[in-house]
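Below: the structure, in structure tokens.
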Amino acid sequence: MLPVLARLGPVTIGTHDFFTILGLLAGFGTYYRALRRDGILGGPIATISVAAILGGALGYTLSTGDYYAAAIPLALAIGRVGCFLSELPLGTPTSPPWGMTVSPEAAAAFPRCPGCGGPMHPSMLYEIGFHLGAFALITTRGPLLPVRGDTLKAYLLAYGAFRFGIEFIRGNEVQWLGLTGPQLVLIPLVAWLAIHFVRQLRSGIYQMPQPIPAVA
């Protein structure tokens, strides 16, 4: 475990904080690079972006959601590196060869560390792999869906379902009905996104237009 990344005189650089900030910077860099690529980086779009970050604003008609679609998984992948290096438990006990152990000294630094007596699922690494895969898919394929904003929603739906499953091996405390706190939060979010895509599919909005028959 590496809870402290470096000490520079009186300044202590926490591993988790460092990778969180690095992830945010990388995410914003990816976001603004996409805006510049499409030639819409300017004052109005910056205002929209700040409004979205602060909780949204009324009156804007330009959706920038898909420009976040690659930035968010990149930021989360980098941020999860900090979690992996500084947080316990890594996951629930496991027997496969990729299970990871920590020293008794590292485990003793945490008030709660179930599973730290043996190999654990490296659940953060699973998440890092998911986010890097999503980042690679979105950056190489571009918007995955023809409706503006739906690529981001599709990523959030996929990640919500993935994270819900990962929670079963994450090692977080059960809160209610055998579910952890993150799972309880994810249920309405995943349900709302699933309903959104069901409506989109039923509306036929993703269907390609039929070719115009040639005139004889």
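If you place +1 on the Cβ of every Lys and Arg and -1 on the Cβ of every Asp and Glu, how big does the dipole about the Cα centre of the stretch 121-212 come out, in debye to the nearest 20?
On the way: 7 positive and 4 negative charges, 70 e Å.
The dipole magnitude comes to about 340 debye.
Taking the Cα centre of the stretch 4-203 as reference, the dipole from Cβ charges on Lys and Arg (+1) and Asp and Glu (-1) amounts to some 520 debye. Using a 7 Å offset from Cα along Cα-Cβ at L144, what residues in the stretch 122-138 end up with backbone N under 20 Å from the label point? 125-138, by backbone N distance to the label point. Report the extension gain between F168 and L8 in nm, rounded to one decimal, defined as 0.36 nm multiplied by the number of residues separating them, less their alpha carbon distance. Extra length from F168 to L8 when fully extended: 53.7 nm. Taking amide H positions as modeled 1.01 Å from N, with prolines and chain starts lacking one, the residues under 5 Å from T180 and 5 or more places away or on another chain are Q175. Packing order of peptides 92-103, 119-130, 67-78, highest average first: 67-78, 119-130, 92-103 (average count of other Cβ atoms within 10 Å over each peptide's residues).
Every read-out reported here was derived from the displayed coordinates using simple, explicitly stated rules and does not represent laboratory data. Treat the numbers as computed from the prediction; the structure is a model and nothing was measured. Positions of Cβ are generated from backbone atoms using ideal geometry, with glycine treated the same way; all protein chains shown enter the neighbour counts.
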